[in-house]
Amino acid sequence: MTELRKTMALHIGLLLLLLALNWLLPAYHHGNLSRIMVLASYAIGYNILFGYTGLLSLGHAMFFTAGMYGMALTMRHLGWTPAPAILAGLLSGLLLSLVVGFLALRTSGVAFMIVTLMFAQAVFLTVLYFGEYTRGDEGFVIQQAERIFLGIDLSDPNNRYLAALLAFSLCLLFTLWLVRHPFGKTIIAIRENEDRTRMLGYNVFRHKLTAVVISGTISALAGAMYGLLFGYAGATFASVQYSIFPLLWVLLGGAGTILGPFVGTLFMFYLIDLSSEFTTAYMLVAGIVLVALTLFAPHGLMGELRRRLFRWLP
């Protein structure tokens with residue numbers, strides 16, 4: 001079997017497994033996996049920027065929030081239905097990532113990290129400042145009657161799961177296509193050796209900016225889907241911790257791997273969930289496990305599998 005066939009079989013097999021689990025999982029894990037798939041889509045967006053392009057952002061929550069509020073505010077204040085509201089969320093993330101990328105990419109390295117963090121804090125403070133519309137930290141609930149997408153009730157657990165799976169599938173398959181496309185190979189070349197890529201005649205700034213826009217738009221899609229499927233939008237999602245989470249998920253699962261974001265999100269979610277049953281210091285447990293994985297699996301879970309066993313993993 002060729003590497004391409006192995007790759008397609010693995011990823012299509014995962015999606016079919018997730019589809020089957022819709023009818024097999026108990027209610028608690030069914031709801032958890034819906035949430036994990038949406039958050040994994042967010043991590044996939046982050047992985048395009050960090051894992052494949054080599055740009056470390058500390059402000060990705062602003063794109064997630066732009067998608068969430070672009071969707072939620074148009075539904076709440078303009079009376080839009082979910083379909084155009086999701087498009088509004090996508091457009092919000094696209095425009096924000098275009099502006100932020102155009103400005104932030106004037107810097108590099110640590111300066112890029114700081115600039116993205118500053119932009120994210122500006123978005124967070126903006127959400128708080130316009131609390132009359134956003135309800136700030138309190139946030140607001142999107143009513144069940146409003147969460148009808150093309151006649152489908154997304155508050156129903158089965159419909160919510162399938163919608164989350166659809167969004168995750170689109171993000172996963174798009175990334176799989178992207179890394180095999182010449183653009184994907186170019187951003188990987190930029191990650192490995194930016195000066196040499198520039199010397200070969202590639203427009204590095206344009207490729208980086210495109211990567212920021214793709215990453216931000218996917219993250220905005222995840223934010224819009226999260227708000228719509230779980231019926232809530234709040235300023236918490238614009239805070240620093242939601243910029244750190246995708247970094248941890250990608251590092252745990254394996255930066256620059258297709259399945260790494262999903263594996264990392266799944267692992268981190270259940271690590272916190274299970275450890276919280278035994279101790280209130282569950283974040284300490286999570287921290288110890290993270291340190292151990294960093295020491296003994298520096299390439300992440302999927303990265304180590306690729307390095308040690310399956311060289312064909314994308």
Counted residues, the range 79-137 - those being hydrophobic (A, V, I, L, M, F, W, C) and closer than 25 Å to GLU192 by Cα: 13
Scanning for something farther than 20 Å from LEU178 by Cβ, buried (at least 19 other Cβ atoms within 10 Å of the Cβ) and free of Cβ contacts under 8 Å to residues at least 24 places away in the same chain, does the range 286-293 turn up at least one residue? no
Return yes or no: is VAL204 free of Cβ contacts under 8 Å to residues at least 60 places away in the same chain and either in contact with a Phe, Trp or Tyr (Cβ under 9 Å, 6 or more places away or on another chain) or at negative phi (or both)? yes
Among the residues listed as SER155, SER215, the single one being farther than 19 Å from GLY93 by Cα and not hydrophobic (A, V, I, L, M, F, W, C): SER155
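Need a quick list: helices (runs of 4 or more DSSP H) entirely within the range 167-279 having at least 3 residues that are of a type in the set (Val, Ile, Thr) and crowded, with 23+ Cβ neighbours inside 10 Å. Even if it seems obvious, please write down each step before you answer.
Numbers: elements: 182-192, 194-199, 204-230, 241-253, 260-275.
Those helices (runs of 4 or more DSSP H) span 204-230.
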MET118 vs. criteria part of a helix (DSSP H, G or I), surrounded by fewer than 17 Cβ atoms within 10 Å (Cβ to Cβ) and at pLDDT 90 or above: yes
Mind counting the residues in the range 134-165 that are of a type outside the set (Gly, Ala, Ser), under 17 Å from MET75 (Cβ atoms) and modelled with pLDDT of 90 or more? 1
Can we say SER155 is under 22 Å from SER97 (Cβ atoms) and out of contact with any Ser or Thr (no Cβ under 7 Å at 6 or more places or on another chain)? no
Residues to consider are GLY151, GLY93; find the one that is touching a residue at least 12 places away in the same chain (Cβ under 8 Å) and not charged (D, E, K, R). GLY93
Is there a residue being under 30 Å from PHE296 (Cα atoms) and among the aromatic types (Phe, Trp, Tyr) anywhere in the range 192-214? no
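The values are calculated or read from the model by the stated rules, or taken from the named source; none is laboratory data. If you're wondering where the values come from, they're calculated on a predicted model, not measured in any experiment. Counting neighbours? That spans all protein chains shown, and the Cβs are built from the backbone with ideal geometry, glycine included.
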